[in-house]
Each structure stands twice: as structure tokens, then as C-alpha cells.
Amino acid sequence: MKDHERHISRQFDSELQALSSAFLALGGAVERQVSEALNALMEADSAQAEQVRSYRPHIQQMREQIDEACLRILARRQPTASDLRLVISICKAVIDLERIGEEAGKIAKRAITLAEEGAAPRGYIEVRHIGGQVTQMVREALDAFARLDGKQALAIIERDKTIDREYKSALRELLTYMMEDPRGISRVFSIIWTLRSLERIGDYARNIARLVHYLLHEGEVS
């Protein structure tokens, strides 16, 4: 390989590494959003909830920088094979990460509402349980992406099915409770919408896990 070609190759590898690092940094920031939003709701901490909501511009800026980096690589390097799949996967995954951040912001908003109105009479056990599960899914999806761990990615995809079942079960129980005792309907609805946000976060983590499969195989994303 000529010196010029070797230099170009090293520079391209450095750009891909920087892109992957920026993606994982965004993932870490979003994971913290989810964890802090859940803590704000469980502890009725409106100050922490407001802080979570304030993260959104920073998350958007990080996502835009990653988008720009992806476009630069696609335009200048015209990557092929596995390098192309990596760039495409990151382009797709940052959308899911931003949506996770948006759902965390919604949870934070409901935390503020519950702090003002008073705790809901039911649903916190379900929020803690499902919240812990989906936070772990996000963390493990990012880890699977970083290590290209197909086995872990498949486990996350399967776990999302469990989260869906648990969400539906919790929803039925809370709806039954509201029919039996309508006095706390508005507060229970805040819990229900929180659970809905958590279910969606699980879906987005599953999407990232599916992209790991795409990175490891040449077929379409399953």
C-alpha cells in the first residue's frame, strides 16, 4: 500500500472510531435521562425532573453532530461493505436514541405533575419494575452495539416481548383499579402514560439490538 493510501486508511478508521464514540456518548447521555426521570417520578423530585427536561437541547445537538459526521463520511469516503453498514446503523440508531430521550422527557413532565398533585394511589411498583428492565435494555443494547455481540442483541429482542406482556398486564390492573375507585383517575393516568413511555423505550432499545444483527449479517434489518 502506498504511503498516501495508508494515510487515507488510517484517517478513515479514525473517523469511524470517532463516530462510534460519539454515538455511544449520546447513548450514555440518554440512558442517564431515563434513569434520572424515573428517580424524579419515584421520589416526587420536581427539581430533578426539570433538569431532565433541560437536557433536550444538548441531546438534539449531539444527534445533529452525529448526523453531520455520518453524511460527511458517506459523501467523502463512500464506504462499502461492513463500513457502510456501520454508518447506516448509526444513522438509524441515533433516531431511536433521540426518541428515548423524548420519552424520558415525558416521564419527567409527569413526575412534575405528580409532585404537584400528590402521589398516585397505585402503579409505582410497576413503574419501578418495568423502568428497571428497560433502563437495563438500553444499557445492554448499547453494549451489544459497541461489542457487536449478536447473542446479547437477540436476548434484548426477546426481553422486549416480556416487557410488552408486563406493560399490558399492568395496564389492565390499573384500568380495573380506576373503575373501582375513580377518585385518583388523573394521577393514575400519569402512571399509565409513564408505563407507555417505558414500553416505547423498550421498543427503541429493541430496534438498536436489531441493528446489531444487521451489522453482523448482510441481510435486511429483522
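Condition first: over 18 Å from L97 (Cα atoms) and hydroxyl-bearing (S, T, Y). Now tell me which residues in region 44-59 satisfy that. Break it down into steps so the answer makes sense when it comes.
Our first condition is that a residue be over 18 Å from L97 (Cα atoms); within region 44-59, this holds for 44-51.
Scanning region 44-59 gives a single hit, S46.
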Can you tell me which condition A75 does not meet? The list is (1) among the hydrophobic types (A, V, I, L, M, F, W, C); (2) at pLDDT 95 or above; (3) out of contact with any Leu (no Cβ under 6 Å at 6 or more places or on another chain), and all the others hold. (2)
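Filter region 78-90 down to residues that are surrounded by 15 or more Cβ atoms within 10 Å (Cβ to Cβ) and out of contact with any Leu (no Cβ under 7 Å at 6 or more places or on another chain) and give me whichever is farthest from Q33 (Cα to Cα).
Of region 78-90, the ones surrounded by 15 or more Cβ atoms within 10 Å (Cβ to Cβ) are 79, 83, 85-90.
Remaining after also requiring out of contact with any Leu (no Cβ under 7 Å at 6 or more places or on another chain): 79, 88.
Values: P79: 33, I88: 25 Å.
The extreme case among them is P79.
Return the residue satisfying two criteria in turn: it lies in region 175-222 and is among the small types (G, A, S) and either within 26 Å of L41 (Cα to Cα) or assigned to a helix (DSSP H, G or I) (or both), and of such residues it is modelled with the lowest pLDDT.
As a first pass, look at region 175-222 and keep what is among the small types (G, A, S): 184, 186, 190, 197, 202, 205, 209, 219, 222.
Then keep just the ones that are either within 26 Å of L41 (Cα to Cα) or assigned to a helix (DSSP H, G or I) (or both); that gives 184, 186, 190, 197, 202, 205, 209.
On the way: G184: 90, S186: 94, S190: 97, S197: 98, G202: 98, A205: 98, A209: 97.
Ranking the qualifying residues of region 175-222, first place goes to G184.
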Which condition from (1) outside any helix (DSSP H, G or I); (2) without any contact (Cβ under 8 Å) to a residue 24 or more places away in the chain is the one that R122 breaks? (2)
Could you look through region 23-56, keep only residues that are assigned to a helix (DSSP H, G or I) and of a type in the set (D, E), and pick out the one that is nearest to the chain's Cα centre (by Cα)? E31
For region 146-161, give me each residue that is surrounded by 15 or more Cβ atoms within 10 Å (Cβ to Cβ) and under 15 Å from I201 (Cα atoms). I156, I157, R159, D160
Pairs, first hydroxyl-bearing (S, T, Y) in region 86-102, second assigned to a helix (DSSP H, G or I), C-beta under 7 Å, six or more apart: S89/L211; S89/Y214; S89/L215
Kindly provide the set of residues from region 86-99 that are among the basic types (K, R) and more than 9 Å from L211 (Cα to Cα), ordered by number. R99
Does any residue in region 140-158 that is modelled with pLDDT of 95 or more come within less than 8 Å, Cβ to Cβ, of a residue that is outside any helix (DSSP H, G or I) and buried (at least 16 other Cβ atoms within 10 Å of the Cβ) six or more places away or on a different chain, and which pairs are these? D143/D149
Given the criteria crowded, with 22+ Cβ neighbours inside 10 Å, of a type in the set (D, E) and either at pLDDT 95 or above or part of a helix (DSSP H, G or I) (or both), does E103 qualify? yes
Please go through region 40-57 and pick out each residue that is more than 17 Å from E117 (Cα to Cα) and surrounded by fewer than 16 Cβ atoms within 10 Å (Cβ to Cβ). Q51, S54, P57
Any chance you could count how many residues in region 108-160 are closer than 24 Å to R210 by Cα and of a type in the set (D, E, K, R)? 9
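The values are calculated or read from the model by the stated rules, or taken from the named source; none is laboratory data. These numbers come from a predicted model, not from an experiment. Glycine also receives a Cβ, built like all others from the backbone with ideal geometry; neighbour counts cover every protein chain displayed.
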